[in-house]
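For reference, the structure discussed in these notes is given below.
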Amino acid sequence: MSQDFQQNIFNHLKKKANINPNEVMNVAKAMQNANFSDEKTVRDLVRHLAAMANKPLSQQKEDRIVKMITEKGDQLDQQTLQQFFKN
């Protein structure tokens with residue numbers, strides 16, 4: 001992940017979701033060797049991030065995010081990730 005891409009994501013998280021970038025880094029480090037094709041792993045991460053942001057997450061939206069991550073894996077790009085933060 002490029003430094004600019006990473007900084008853009010952190011800035012977006014801080015501005016829109018009020019998530020401290022250090023918290024995100026802690027989660028990222030913990031998930032560094034995680035299997036993102038594993039639904040339980042991804043679902044746990046999504047729930048954790050939603051809780052960090054103190055944002056409600058409907059079951060439907062959680063399912064959509066989990067499906068996208070488990071299916072696309074390392075093919076996710078910045079535009080796709082930003083779609084998660086809309087609405």
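For the reader, a short list of remarks on this structure follows.
- Count of the range 56-80 residues, restricted to those that are modelled with pLDDT under 80, surrounded by fewer than 14 Cβ atoms within 10 Å (Cβ to Cβ) and part of a loop (DSSP other than H, G, I, E, B), is 1.
- Filtering the range 1-19 for residues that are surrounded by fewer than 14 Cβ atoms within 10 Å (Cβ to Cβ), modelled with pLDDT of 75 or more and out of contact with any Gly (no Cβ under 7 Å at 6 or more places or on another chain) leaves an empty set.
- Selection within the range 20-51 - of a type in the set (A, V, I, L, M), over 11 Å from the mean Cα position of the chain (by Cα) and farther than 15 Å from Ile69 by Cα: Met25, Ala30, Ala51
The values are calculated or read from the model by the stated rules, or taken from the named source; none is laboratory data. None of the values given here were measured: they were computed from a predicted structure. Reconstructed Cβ throughout: ideal geometry from the backbone, glycine too, with neighbour counts over all protein chains shown.
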